[in-house]
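The values are calculated or read from the model by the stated rules, or taken from the named source; none is laboratory data. Just so we're clear, the structure is a prediction, and the values are computed from it rather than from any experiment. Here Cβ is always computed from backbone atoms with ideal geometry, including for glycine, and neighbour counts include all displayed protein chains. Side chains included, ligands, DNA and RNA excluded: accessible areas come from the protein's heavy atoms. Shrake-Rupley method; radii C 1.70, N 1.55, O 1.52, S 1.80 Å.
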Amino acid sequence: MGLLQTAPVFGAVGENLAGIAELHGGLGPVDLAVTPELSVNGYGFTPHEETDLFAGDDPRLAALVSAGVGVGFAEKGASGLPWNSYLLSDPRTGTRHLQHKLHPVSYAPWNEHLSFRPGAELRTACFDAARIATAICNDMWHPVVPWLAAQGGAEVLIVPVASMAGTDPARIRRTWEVILEHAAVLLQCYVVFVNRCGTDGEARFWGGSRVLGPDGDVLVHLGGEPGAAFADLDLKALRRLRAEVPLRAEARTDFLARALPARLPSESEPPYV
């Protein structure tokens, strides 16, 4: 599994695609390689131009996708706002895995809900080597999403993000460390976290892309600049772990529908007791 940590420029689609291709070309042979959230379009804090929107089968993405490179992009629909999308294809079988971000951030400074519509489905895909799922950035801050991915059989969780350093970079990094380690250990999966770096306006993105094993250990990581790295994923050992410690099989999915409240309380209401 390869990591391609890039610093995309908002709206510079051609340059961003060329930068991904260059990094990938220097990585060496890997089955799959992943890039950050919106790696093709750049993040931006405003809506994307119509000419910068892509279809899932856009020929501008074909060369990278067919080579097993995962790309994040703004995907146009038949009408309305675009999706924040991520596409990965298995170069051995041609299986395509397209995921729409389920939870566009709805508060400042991101306000993604003004630029993107939410996805409606969490998908897993069976690639030649492993079953994978994608949780795009804020989707990981909703723990049910990675849990559902694992219940759907995902062995490798791809996590493309655009995480800013903000006013407290240490806290942001530590929060992501906890989220990623929690997912890897409790869901017994490999977690492939790929963050962008560079700047967008006054926002600075901290990179720190990494691969975690199902024991929570970091197998490889990058710093704060554009770069590439790879890690070998031992799927046989992962499957052996899941067989010996069957946490997923213990999940009480039968009671979830009736356990969830019909309506969540508002911030002004007292919590359930």
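A few comments on the model shown:
- Length-normalised contact order for segment 207-248 - Cα pairs under 8 Å, 6+ apart - percent: 28
- Rg/Rg_ref, segment 71-133, where Rg_ref = 2.2 N^0.38 Å and atoms are Cα: 1.27
- Probe 1.4 Å, accessible area per residue of the chain, Å²: 48
- Packing, as the average of other Cβ atoms within 10 Å across residues, places the peptides 165-172, 209-216, 130-137, 141-148 in the order 130-137, 209-216, 141-148, 165-172, highest first.
- Using Cβ point charges alone (K and R +1, D and E -1), the dipole size of the chain about the Cα centre works out to roughly 620 debye.
- Contact order relative to length of the chain, as percent, for alpha carbon pairs under 8 angstrom and 6 or more apart: 17
- Where labels lie 7 Å past Cα in the beta-carbon direction, separation of Glu202 and Phe255 in nm: 4.9
- Take the Cα radius of gyration of the chain and divide it by 2.2 N^0.38 Å, N being the number of residues; the result is 0.98.
- Dipole of the chain, positive end: most advanced residue of Val69, Phe54, Ala243 [Cβ charges, Cα centre]: Ala243
- Using a probe of 1.4 Å, the accessible surface attributed to Arg252 totals some 130 Å² when neighbouring protein chains are kept in position.
- Projected label points at Ala243 and Ile172, each 7 Å from Cα along the beta carbon direction, are separated by 4.3 nanometres.
- Under 5 Å between amide hydrogens, built in the peptide plane, is the criterion, and for Arg204 it picks out Ala165, Gly166 among residues at least 5 positions away or on other chains.
- DSSP bridge orientation in segment 155-271 - percent antiparallel, rounded to nearest 5: 65
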